[in-house]
Amino acid sequence: MDHASIRQSTHGRHLQILVVGSGGREHALVWKLLQSPRVVQVYCAPGNAGTSLGDPTQGGPRPSGIDGRASNLAIEAHDVTGIVSAALRLDIDLVVIGPEAPLAAGLADALIDAGVRVFGPQLAPAQLEYSKAFSKQFMVRHHIPTAAAAIVSDAESARAWLRQNPGPVVVKASGLAAGKGVVVCDTTDEALAAVSALMVERVHGDAGATLLLEERLEGEEVSILAFCDGWVAAPMPPAQDHKRAYDGDKGPNTGGMGAYAPAPCVDEALMRRIDAEVLQPTLAGMRAEGYPFIGVLFAGLMLTAKGPKVLEYNCRFGDPETEALMLLLESDLPEILLACAEGRLVPDQLQWRAGSAVVVVLAAPGYPGSYPKGAEITGLDAASADPSVAVFHAGTRRVGAEIVTAGGRVLAVGAHAEDLARARDGAYRACDRIAFSGKQLRRDIGLRGLGPPSMAQRRD
């Protein structure tokens, strides 16, 4: 069975939607879905303390944008059988897959086989994310601009290539590594150490069984996400993520410490070029190989002196880019997702708010390494009191009337304003109202969008 075999129309129906995942991205999606008048119920599996009101008799902080139509299901995101069973039992109209792991486990295929409508690519097209080796070969086949790379499957071959090609290089685990399998190396010694960590010590498990040794590109990075129905790609505003743990892009890679949109480094002319050289050839290549791509196509790009080049693909909403983009989305989100799933997307369906959105991640002490859990979080209601602010939960859980930390990235605090400087101010004011033991955050999210450092410092 494929998408076209799911015949039941959703036209005019009240909608029950299941969101798969437990992070800030999923809270942002639930938050936006609940703004639609057609939505009567949104489930999140497994969700977090922000994707449900919890037990109303217990009291406690009220999550941003959540009402009685939202509830969590005690089903893990990777439990394909459990999610399919719940979708059938609850008569779900649409399943929205948040994280990458369920895509790589074939969740979209299983749902379609069961006759359940899904927003998210099937296993074959999702190879663009879960196999960087496949992705690189795909880009070469379809002449999509990207960095030159060698693909190696044993440590000795990797070491030999590095010794023959000294200088800056990027070492990438081919498999999924929660956004942490990329090591940017200045020297050959650093690259050799990365090979040992990924391929020999297997710090990210089997994700490092195959590596890409990639040319290190210079330029500015940008995230381009697009809604796709297999034929049409409708881009979202350009966003910029902040991957490193500390200010000034220093420290280890993380899942993302903050994001903002729209990123001024991509104007309308450059977006048209990215659409023509990256998004459309990717969709056409997927179709030509028999893998229509339905879901969010996320191209991580480097804007080089020779033009935009693809660093990597993701096959789902980014995190924390999604939190910023949902703050900007004016259109009815379920209508867009259903149009993608049903092969009837029209780019004009997407309308975006003017202004800017900034999202700052509040992380547990020690993240992205080991970190404690169970610290009480205070100030959530005070932070959310500003109508321009939304506090999205990620690594949180409820304990009675308290909300406590339960992950590395704990919260994603977002604000929308008429310009980037004011959005930053709103987000950071809200961050400063929230407290938990060892809270860490970057203080430079969005500064690059304000111009040269001297200008940014004057406006901060």
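Round to a whole angstrom and tell me the spacing of the C-alpha centers of the range 226-255 and the range 21-73.
24 Å
Which net charge results when you count Lys and Arg as +1 and Asp and Glu as -1 among the other residues whose beta-carbon is under 15 Å from that of residue 364?
Charge balance in the 15 Å sphere: +4.
From the square roots a ≥ b ≥ c of the eigenvalues of the alpha-carbon gyration tensor of the range 72-192, which class results: rounded (a/c under 1.5), prolate (a/b over b/c), or oblate?
Prolate shape, in that a/c is at least 1.5 and a/b is the bigger ratio.
Express the C-alpha Rg of the range 126-246 as a ratio against the empirical globular expectation 2.2 N^0.38 Å, rounded to two decimals.
Cα-based Rg divided by the globular estimate yields 1.12.
Work out from phi, with θ = phi - 60° and the Karplus expression 6.51 cos²θ - 1.76 cosθ + 1.60, the ³J(HN,Hα) of each residue of the range 386-402, listed in order in whole Hz, and give x for Gly and Pro.
Rounded to whole hertz, the list is 6, x, 7, 10, 10, 9, 9, 7, 10, x, 9, 8, 8, 10, x, 8, 9.
Give the cross-link partners of residue 132 among the lysines, using a straight C-alpha distance below 29 Å as the criterion and excluding same-chain residues fewer than 8 apart.
Residue 132 reaches 172, 180, 243, 250, 306, 309.
How many percent of all Cα-Cα pairs in the chain sit more than 30 Å apart?
Value for the chain: 42 percent of Cα pairs lie more than 30 Å apart.
Using the Kirkwood radius over Cα pairs, work out the Stokes-Einstein diffusion coefficient for the range 247-289 at 37 °C and 0.692 mPa s, in µm²/s as a whole number.
246 µm²/s
How would 267, 189 line up by accessible area, probe 1.4 Å, largest first?
189, 267
Taking Cα centroids, how far is the range 332-407 from the range 108-124 in Å?
25 Å
Mind listing P(r) for the range 214-359? All alpha-carbon pairs, 5 Å bins, whole percents.
2, 10, 18, 23, 21, 15, 7, 4, 1
Between beta-carbons, use under 9 Å as the cut-off and find the net charge around residue 49, counting Lys and Arg +1, Asp and Glu -1.
Here the charged neighbours net out to +2.
Per residue of the range 309-314, what does 6.51 cos²θ - 1.76 cosθ + 1.60 with θ = phi - 60° give for ³J(HN,Hα)? Whole Hz please, x for Gly and Pro, Karplus curve as stated.
Once θ is set to phi - 60°, the couplings for the range 309-314 become 10, 7, 7, 6, 9, 10 Hz.
The values are calculated or read from the model by the stated rules, or taken from the named source; none is laboratory data. All figures in this text were calculated on a predicted structure; none of them were measured in a lab. Counting neighbours? That spans all protein chains shown, and the Cβs are built from the backbone with ideal geometry, glycine included. Keep in mind that these areas ignore ligands, DNA and RNA; they rest on the heavy atoms of the full protein, side chains included. Shrake-Rupley method; radii C 1.70, N 1.55, O 1.52, S 1.80 Å.
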